[in-house]
Amino acid sequence: MRIALTTSVMQQGRSGVGQYVLSLVRALLPAATTHEFTLFVLEKDIPLLDFAAGSMRIESVSERVRPPINDILWHQAVLPGRVRRIGAEVLHVPSYRRMLFRRPCALVSTIHDLAPFHLPGKYDPARMFYGRVVARRLALRQDEIIAVSRTTARDVETLFHVPPGRLTVVQNGLDHGLFHPGSQSGARAAVCLAKGIAGPFFLYVARLEHPAKNHAGLIEAFNRFKASTGSDWSLVLAGGDWHGCATIRRLAGASPFCRDIKFVGFVPPRDLPDWYRAANVFVFPSLYEGFGMPPVEAMACGCPVLSAASGALADTTGGAAGLLEPLDPEQIRGQLARAATEPGWLLQLRKAGLERAKAFDWRATSEATLAVYERAAAAQRHRMEGTDTGVAPSVKISSRPTR
């Protein structure tokens, strides 16, 4: 097959979608010996994909396209022509925000979540309208849609009205060569000393996005935890600034325990494992996730996890995490206190997390994704020949189940 993949939603690798794109391309490299891949890449992102240059064709895209509105227009008006010129049989758009209306070839899209339907204040009005109205119509034009979790698949079917036979659940993978247990003392020396972090700490890895990632609720719970226990534990917030970051920083600055709340900024993927190994407990109180990769990464590194069960998180963590009620700061406070005083419980969570992390693998994800490409190409051929046989009766599960 001749397969094209557009990567302009990578945000220079500083988001979950960006890491999905980079990891999927890396996992698809072995398939480049039998299939022809073309990647459409923004000029400044090309170095991020240098690892694929010898096996996949890189098509440069002007930086003028990077702003979201320009990117949307480029996908609709320019990309179809470029895809036709290279003779691609399948185009994979790894985000619902850039799905194509025109069909230059078979169309595949990955939908990570439908957060605009669950978090009314997540985006500005224009982006909310696009996610709720425009994207719904575009989804119906796709030959195949990949949903990264069962929760997202249910949303796509019920909210976008996509026929279930065009939906396949392919969960995200995990790079076990990168995320694995290691020395806590070595990890602390590698990442904590330079940041002035000493003693036990809770770690939260998420972009500083308010209100969606619920840093506000976590900071309130941490304040209560510190006031009620007098503990020396710190709270470390790792993630780049995003929408609403000023509110998060203001709340942290106003905390009576602000000295124990540390912002360490965006953490490059190569450094993430050491942060997970260095932490005593990983917390993930997000209000909604279509998958939720950080808890799995933390589990794989041997860090006990406390997580909300909102959205797909219950499926993702698979019962291996302590439960956080994201809208209840007092409940979160209680879980923080328990984690700080019950080492036996943390040991149980660590063991359960290590076992749970084994269910995620990028090789399985890439194989399932290739199968989706093949079905999409077949659907395109049937359509061109006038022999479309319709859709299957139920959502397909093409990767390991999430529970």
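Every number here is computed from the coordinates shown, using simple stated rules; none is lab data. Treat the numbers as computed from the prediction; the structure is a model and nothing was measured. Neighbour counts run over all protein chains shown; Cβ positions are idealised from the backbone, glycine included.
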Value of relative contact order over the chain, rounded to a whole percent, pairs C-alpha under 8 Å and six or more apart: 17 percent
When only Cα pairs under 8 Å and 6 or more residues apart are kept, what is the percent relative contact order across the stretch 175-301? 40 percent
Mind checking which lysines have their Cα closer than 20 Å to the Cα of Lys213? Skip sequence neighbours fewer than 8 apart in that chain. Lys122, Lys262
Which whole number in µm²/s is D for the stretch 61-142 by Stokes-Einstein, with the Kirkwood Rh taken over Cα pairs at 20 °C and 1.002 mPa s? 159 µm²/s
Report the FRET efficiency, 1/(1 + (r/R0)^6), for Ser62 and Trp345, where r is their Cβ-Cβ distance and R0 is 45 Å, rounded to 0.05. 0.25
What's the extension gain from Arg26 to Ala126 if we count 0.36 nm per residue and subtract their Cα-Cα distance? 32.6 nm
Could you tell me which residue out of Phe101, Ser23, Phe222 lies farthest along the dipole of the chain toward its positive end? Charges go on the beta carbon: Lys and Arg +1, Asp and Glu -1, centred on the Cα centre. Phe101
Residue among Gln348, Val283, Gly244 farthest towards the positive dipole end of the chain, charges placed on Cβ: Gly244
Given the C-alpha centroids of the stretch 272-319 and the stretch 357-371, what is the distance between them in whole angstrom? 19 Å
Helix axis angle, 150-159 relative to the chain longest principal axis, alpha carbon, degrees: 60 degrees
Assuming 0.36 nm per residue, please report the length gained on full extension of the stretch Arg381 to Arg363 beyond their Cα-Cα distance. 3.7 nm
Using only the alpha-carbon atoms of the stretch 132-201 as identical scatterers, what base-10 log of I(q)/I(0) does the Debye formula give at q = 0.29 Å⁻¹? -1.22
Which distance in Å, rounded to a whole number, links the C-alpha centroids of the stretch 180-199 and the stretch 56-121? 40 Å
Round to the nearest 10 and give me the degree value, 0 to 90, for the angle of helix 362-385's Cα axis relative to the longest principal axis of the chain. 30 degrees
Fewest first, what order do Cys301, Cys245, Cys192 take by the number of other Cβ atoms within 10 Å? Cys245, Cys192, Cys301
Starting with the fewest neighbours, write out Glu209, Glu59 ranked by other beta-carbon atoms found within 10 Å of each beta-carbon. Glu59, Glu209
Along Cα→Cβ, 7 Å out, is where each label goes; now give me the distance between the ones at Ala77 and Leu178 in nm to one decimal. 3.6 nm
Taking Ser8, Ser185 and counting other C-beta atoms within 10 Å, the order from fewest to most: Ser185, Ser8
Percent RCO, i.e. relative contact order, over the stretch 102-173, from Cα pairs under 8 Å lying at least 6 residues apart: 35 percent
Per residue, the convex hull enclosing the Cα atoms of the chain spans a volume in Å³ of 131 Å³
Over the Cα atoms of the stretch 184-357, what Rg and Dmax result, in angstrom? 14.4, 39
What's the extension gain from Arg2 to Ala227 if we count 0.36 nm per residue and subtract their Cα-Cα distance? 75.0 nm
If one takes the longest principal axis of the Cα atoms in the chain, at what angle in degrees, from 0 to 90 and to the nearest 10, does the Cα axis of helix 16-28 lie? 60 degrees
